[in-house]
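In what follows, a structure is listed as structure tokens, so that the remarks can point back to it.
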Amino acid sequence: MITYELMVLLRIMPKPETKQVLRRIADQIFEKGGFIRKLENLGTQEMPYKAKAHDAIHKQASYFLYEFHAPPSSIFPLLDEYIRDVDIVRRRIFKKNEEASFECTLSQELLPPPYRKEVQELITEARKKDKPKFQYNSGLDYYPFQK
Amino acid sequence: MFQLIKSFSALKLSSNTIAKYCTYNLSYNPALLPVKKTHRKPRWVPVAKSKVFRIPKKPKLPEDEANEIRRLFNNYKNNVRSIRKYLYKKHCTIFEISSDPQEILKEFKEDLVKCHEINDKWNAEVKINREARLQKELDEELVLAEKKIEEQMLREEEMYAFTEELVRKQKEASISFITPENIDAIIDKALAEETDYNFAIYPNGEKIIGKKTRPTQETEKVVGAQ
């Protein structure tokens with residue numbers, strides 16, 4: 001079952017009206033036989049650039065995120081519905097990717113370069129390509145004669 | 001130059017001789033030149049334009065002379081052919097074998113029996129090898145098939161476990177699914193609470209959550225940082 005993410009940017013409205021719009025958006029999903037997993041309010045923010053929608057220019061928008069399940073065939077109709085809603089400035093539907101598990105290696109990354117494991121490996125790899133140096137096999141760590 | 005003349009004069013040479021050896025313009029001496037060879041046109045040089053349409057005249061021998069040459073050649077040809085045939089017959093081994101059909105048949109039969117013996121021996125050897133090989137191949141195939149079946153079973157089990165896990169997770173999550181019944185409450189909650197995924201990290205691992213949050217003393221530390 002695919003989880004979709006719907007990101008909607010609503011025009012600036014009073015709270016009751018915003019609530020109505022959110023309800024309308026949700027009802028569309030329910031009508032198509034879907035159900036919602038999560039609804040998040042990402043706040044009212046400045047948009048990265050001014051956007052034109054329904055003959056009005058918007059510089060700010062209210063950002064909302066829906067996570068929902070719906071039949072894949074209903075995604076295009078949903079987008080079609082939302083673009084005709086005058087209160088919606090922008091909308092996009094994405095497939096939700098599962099979060100990849102990872103280990104926090106920040107403490108290692110913040111170390112000075114010679115202490116990092118990756119850098120040490122690189123140095124050992126580079127040392128392999130050095131030209132062979134002549135060994136005197138004298139048992140001394142210096143050259144006893146004048147060079 | 002003066003030094004050179006001085007050294008020559010020590011050898012008691014005449015001034016004429018010195019002059020001869022000290023100048024580069026030696027007088028012409030055919031003995032010093034390389035032997036002249038006959039000139040031939042190189043192979044890659046084409047026929048001269050003036051000679052392109054020249055048809056060389058065919059040499060024509062007088063009739064009696066031509067007849068004489070032909071006669072001599074025929075004579076030579078016949079002699080050589082007869083010698084060759086003679087030597088061939090003399091040294092050919094084919095004609096040494098008897099031409100008695102009974103004897104030939106007998107030899108042929110003996111040879112056939114020998115051939116059959118060798119062939120049967122070979123067949124027996126090959127049969128043993130073949131049976132061993134086929135048995136080995138069969139065993140290997142059986143082992144492979146068993147292994148494949150095991151792998152398939154394992155894969156199916158894994159797949160079953162994976163789907164079971166998936167269904168279990170979805171069932172667990174389905175408790176918190178939002179339906180038309182509770183959507184209003186959820187919307188109210190969302191409008192009341194803002195979510196902010198932005199955060200900043202200090203070099204010492206301090207994490208400050210929120211886009212416009214100012215740093216305070218009570219900041220949480222990233223797990224695993226220094």
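Structure notes:
- Enumeration of residues in the stretch B:157-212 that are among the β-branched types (Val, Ile, Thr) and closer than 30 Å to residue A:109 by Cβ: B:195, B:201, B:208, B:209
- Qualifying residues in the stretch A:33-58 (those that are buried (at least 16 other Cβ atoms within 10 Å of the Cβ) and over 24 Å from the mean Cα position of the chain (by Cα)) - the one farthest from the other protein chains (Cβ to nearest Cβ): A:53
- Qualifying residue in the stretch A:105-120 (condition: within 20 Å of the chain's Cα centre (by Cα), without any contact (Cβ under 8 Å) to a residue 40 or more places away in the chain and within 12 Å of another protein chain (Cβ to nearest Cβ)): yes
- Residue selection: residue A:61 fails the criterion of being at pLDDT 90 or above and more than 12 Å from residue A:7 (Cβ to Cβ).
- If the condition is being aliphatic (A, V, I, L, M), surrounded by fewer than 10 Cβ atoms within 10 Å (Cβ to Cβ), at pLDDT 60 or above and not in a loop (DSSP other than H, G, I, E, B), then the stretch B:1-52 contributes B:31, B:32.
- Residue among B:158, B:181 that alone is of a type outside the set (Gly, Ala, Ser) and outside any helix (DSSP H, G or I): B:181
The values are calculated or read from the model by the stated rules, or taken from the named source; none is laboratory data. What you see is a predicted model, and the numbers here were worked out from it, not measured in a lab. Don't worry about glycine lacking a Cβ; one is built from the backbone with ideal geometry, like all the others, and counts go over all protein chains shown.
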